[in-house]
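Remarks on the structure that follows.
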Amino acid sequence: MTNFSEMLNKAKDMQEKMRQVQENIKKIEVEGKSGGDLVTVILSGDYELKSIIISENAKKEDQAIINDLIIAAYNNAKENLKKKSAEELSKVTGGLNLPFDIKLPF
């Protein structure tokens, strides 16, 4: 029975570590860029759009191009956030490929 209790304690410890990682990830801010730095987007760890910075050169472009640059910068930021989140998660899981939003059954 000791092994089961140990496993249960380890799982609870992992759950607490995961909760802390999730909280830490929410505090992360990443940048996404597009068009050779024409547009920069800042995204928080919980995917909240914090800022859109459009360079003066980009403002000279057609609105459709600016829209595409914003979307591309957001997508770049989203990919950067996924990578950063995976790095933070791997610190706790020891390299196990667990999803960020895993819910343990406790």
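Of the helices (runs of 4 or more DSSP H) lying entirely inside the range 1-97, those containing at least 3 residues that are exposed (fewer than 15 other Cβ atoms within 10 Å of the Cβ) and not basic (Lys, Arg) are 2-27, 63-93. For a quick check of your reading of the model, give me the residue pairs whose first member lies in the range 53-64 and is among the hydroxyl-bearing types (Ser, Thr, Tyr), whose second is surrounded by 14 or more Cβ atoms within 10 Å (Cβ to Cβ) and not in a helix (DSSP H, G or I), with beta-carbon atoms closer than 6 Å and at least 6 apart or on different chains. Cβ pairs passing all conditions: 55/38.
Output the residues belonging to the range 14-54 that are acidic (Asp, Glu) and either modelled with pLDDT under 85 or closer than 23 Å to residue 76 by Cβ (or both).
Scanning the range 14-54 gives 29, 31, 37, 46, 48.
The values are calculated or read from the model by the stated rules, or taken from the named source; none is laboratory data. All values reported here derive from a predicted model rather than from experimental measurement. Every residue, glycine among them, receives a Cβ derived from its backbone with ideal geometry; neighbour counts consider all protein chains shown.
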